[in-house]
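Right, one structure below, let's go through it.
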Amino acid sequence: MTATRVVIADDQELVRVGFRLILERAGFDVVGEAGDGAQAIALVRETKPDVVLMDIRMPVLDGIEATRAIVAESPATRVLALTTFDLDDYVYAAVRAGASGFLLKDVTPEDLVHATHVVARGDAMLAPAVTARLLQRFTVPVAPSVELTDRESEVARLVARGLSNADIAGRLYLSEATVKTYVSRLLTRLGLRDRVQLAVLAYETGLVRVGDPA
């Protein structure tokens with residue numbers, strides 16, 4: 001089985017070295033490091049990684065513009081944004097640009113490895129509390145462009161709350177395979193890339209609101 005290929009983009013060398021050590025010990029293949037967004041784009045073109053760990057704030061070209069370019073040029077490459085609590089506006093912009101999730105830069109080694117695995121297999125990394133705060137703060141409700149069934153709406157709400165397919169299956173008394181089918185159908189019908197974009201849409205359309213029960 002081929003190891004997951006990762007590019008690390010961060011303007012702090014110590015962060016890159018630390019993340020590289022953690023990921024390589026976990027069996028990932030770190031194929032390159034970038035100190036700014038322009039370098040990250042060039043590395044992705046050269047190495048075709050599965051995942052890019054992307055710092056949001058970097059010189060030359062920031063992580064938001066780099067994410068937008070990478071997602072457009074290399075749809076198979078997933079971007080995991082790196083941030084801190086006080087950069088919510090940047091994280092939301094990165095998600096809208098196509099990032100499949102985000103991590104705080106003080107993430108534990110275990111969570112870094114888990115998140116990279118999750119994103120590499122095509123899922124999205126949602127930290128429920130942080131995701132909810134971001135979307136509540138930055139989204140403006142709009143009318144949905146596609147009418148969803150009651151069950152599809154339920155699934156979309158729970159995805160937006162950060163629940164996994166297994167958690168949703170337990171909540172709705174469905175099989176995990178059925179939930180996976182619902183999520184795939186939602187992404188296709190709504191023209192979305194992954195669960196992060198589905199969560200954004202759920203807040204934007206009012207399916208999930210501030211203060212709703214989990």
Mean Cα-pair separation over length for the stretch 5-125, i.e. relative contact order, pairs under 8 Å, 6 or more apart, %: 22
Other-chain or far-sequence residues with amide H under 5 Å of VAL79's (modelled H): VAL52, SER100
Selected from ILE56, ILE64, ILE168 as most flexible by GNM, with the chain as the system and alpha-carbon contacts under 10 Å: ILE168
Those trypsin sites (Lys or Arg not before Pro) in the stretch 18-65 that DSSP places in a loop and that have at most 12 other beta carbons within 10 Å: none
Label-to-label distance, nm, for residues given as HIS114 and VAL15 (7 Å Cα→Cβ offset): 2.2
Debye log10 I(q)/I(0) at q = 0.11, 0.23 Å⁻¹ for the stretch 5-125, Cα point scatterers: -0.28, -1.47
Choice from ARG161, ARG151, ARG195 with maximal GNM fluctuation in the chain (Cα, 10 Å cutoff): ARG151
Extended-chain gain in nm, criterion 0.36 nm per residue less alpha-carbon gap, VAL146 and GLU24: 39.6 nm
Fraction of alpha-carbon pairs over 27 Å apart in the chain - percent: 30
Mean separation of Cα contacts under 8 Å (6+ apart) over length of the chain, as relative contact order %: 15
For VAL107, distant residues with modelled amide H under 5 Å away: none
Dipole magnitude (debye, nearest 20) for the chain, charges at Cβ of Lys, Arg, Asp, Glu: 580
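Quick note: the coordinates plus some simple rules give every number you see, no bench work behind them. Owing to the predicted nature of the structure, the values given are computational and were not obtained by experimental measurement. We place every Cβ from the backbone using ideal geometry, glycine too, and count neighbours over all the protein chains shown.
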